[in-house]
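**Student:** Shown below is the structure under consideration.
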């Protein structure tokens, strides 16, 4: 980061538009090469990575890679201190977001609450989660506050599975896209407060562990992102280092079909957040609205239709892979085991979409936090033209990691090497589609979502 900071100049930040990503309004994401070459290269790299992975047919080697880890010895009591410090930091941050959101500067780009949510938390903290490890259980202010309250510990209806979390994630992204949360600190503070009240009611009724482990969409998203990371807690509360993506091969990570749906939703909503800020979305929406279709209806329909497309393609890939492998395992079992590999894709796209955003607006966040009620004039870092290559690398690294994870899962599931390889053909084709879709979105210039 120091190299980036010393290589670019600082300029004043423009006004924000419709959603969190638009705090970087006017930033161009256009690739410096022809779009077809950009997309074909990305798809080709993913396809080639599958071919290379196919040569790794030594089952013992594949398992050693997945099982590799080193225990990191930590001082006695450090875990407890870390949890306490994380909880205090989270509660202070929540209080700052609400208070500054209500009484601080009215402009989102100068409001410490707005910048802390979008730049510090959703961009920076999320990146830290899948590159280092998941500390959200300790930092989560709602979970900390819930621990101070009594709990009824009512049983959770297991038939609901993770579907409330799926619905919650989709609704959160819809609100983030269609409402001016980055423009209106008062509205953001209200939404954060309302979400907190809902979380505390749920945690009080079901118990904190049950609510935040199964129902809360944010906790579930960070848990899954944390499975991509190289650091994880072991059974004794210490730290364990593993290879990136190794946690995605854990057979207990995904419990049922609702967890599969959540992973697919997490993959899609990250793409949707970028899609609505492209000229193509504006070009699709404009004639529909001019023909009389309500704009407020187009956004949720697009969100649900895209989710259906991503989920449908995945189901087809699993069914075709099962046939190709001539497997007796059920489609549900295969879907559960292969779904975590998609989390590497989601993390790679999030990195491509938000790392530049985080770097650009970090000076504005620091400035706002230094004087929350009277911040200095905001500044932003201008990224150099070659940064488009970093975005491309983020997408491709995520997909390459996903290919390797799926390869490891296949060799864990199937007794025959050819079964393991054939089971991945259709899934790899779908991953190539996901890759090219992500690269196309990343390559588009930013345009504020229309009619909002």
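Rule-based calculations on the coordinates, nothing more; no lab input. On a predicted model such as this, the values are computed, not experimentally measured, just so you know. Positions of Cβ are backbone-derived with ideal geometry, glycine not excepted, and every protein chain shown enters the neighbour counts.
**Student:** Give the calculated FRET efficiency between residue 390 and residue 328 to the nearest 0.05, with a Förster radius of 45 Å applied to their Cβ-Cβ distance.
**Tutor:** Numbers: r = 44 Å, r/R0 = 0.98.
After rounding, the FRET efficiency stands at 0.50.
**Student:** Decide, for segment 298-452, between rounded, prolate and oblate: order the square roots of the alpha carbon gyration tensor eigenvalues as a ≥ b ≥ c, take rounded if a/c falls under 1.5, and otherwise choose prolate if a/b is larger than b/c, else oblate.
**Tutor:** Numbers: a/c = 2.82, a/b = 2.23, b/c = 1.26.
Verdict is prolate for segment 298-452.
**Student:** Spin-label point model (7 Å from Cα, Cβ direction): what's the residue 370 to residue 40 distance in nm?
**Tutor:** That separation, rounded to one decimal, is 4.9 nm.
**Student:** May I pose another question? For the pair residue 92 and residue 297, how long in nm is the line joining their label points, each one 7 Å along Cα→Cβ?
**Tutor:** Each label point is offset 7 Å from its Cα along the Cβ direction, giving 5.0 nm.
**Student:** As an exercise, use a Förster radius of 41 Å and the Cβ-Cβ distance of residue 243 and residue 149 to find the FRET efficiency, rounded to the nearest 0.05.
**Tutor:** 0.55
**Student:** Still on this structure: D for segment 349-392, whole µm²/s, Stokes-Einstein with Kirkwood Rh over alpha-carbon pairs at 37 °C and 0.692 mPa s: what number?
**Tutor:** Details: Rh = 11.4 Å.
Rounded, D is 287 µm²/s.
**Student:** Given a cut-off of under 8 Å on Cα pairs at least six residues apart, what relative contact order in percent is computed for the chain?
**Tutor:** On the way: 711 pairs, mean separation 130.6, N = 452.
Computed over the chain, the figure is 29 percent.
**Student:** Can you give the helix-only mean residue ellipticity at 222 nm for the chain, where every DSSP H stretch with n ≥ 4 adds -39500 (n - 2.57) and the sum goes over all residues, rounded to the nearest 500 deg cm²/dmol?
**Tutor:** Details: 19 runs with 281 residues, N = 452.
Mean residue ellipticity at 222 nm (helix-derived): -20500 deg cm²/dmol.
**Student:** Relative to the present Cα-Cα distance, how much length would full extension add between residue 417 and residue 131 at 0.36 nm per residue of separation?
**Tutor:** Values: separation 286, 0.36 × 286 = 102.96 nm, distance 3.13 nm.
That pair, residue 417 and residue 131, stretches by 99.8 nm at full extension.
**Student:** Follow-up. Please report, in whole Å³, the volume per residue of the convex hull around the C-alpha atoms of the chain. List each step's numbers first, then the result.
**Tutor:** Working: hull volume 71.1 nm³, N = 452.
Enclosed volume per residue, from the Cα hull, is 157 Å³.
**Student:** Go ahead and run the numbers for FRET between residue 382 and residue 452, Cβ-Cβ distance against an R0 of 25 Å, rounding to 0.05. Please report the intermediate quantities before stating the final value.
**Tutor:** On the way: r = 26 Å, r/R0 = 1.05.
Efficiency, rounded to the nearest 0.05: 0.45.
**Student:** Another question, if that's okay. Take the alpha carbon gyration tensor of segment 71-157, find the square roots of its eigenvalues, order them as a ≥ b ≥ c, and report rounded if a/c is under 1.5; if not, report prolate when a/b exceeds b/c, else oblate.
**Tutor:** Details: a/c = 2.01, a/b = 1.34, b/c = 1.50.
Since a/c reaches 1.5 but b/c is at least a/b, the shape of segment 71-157 is classed as oblate.
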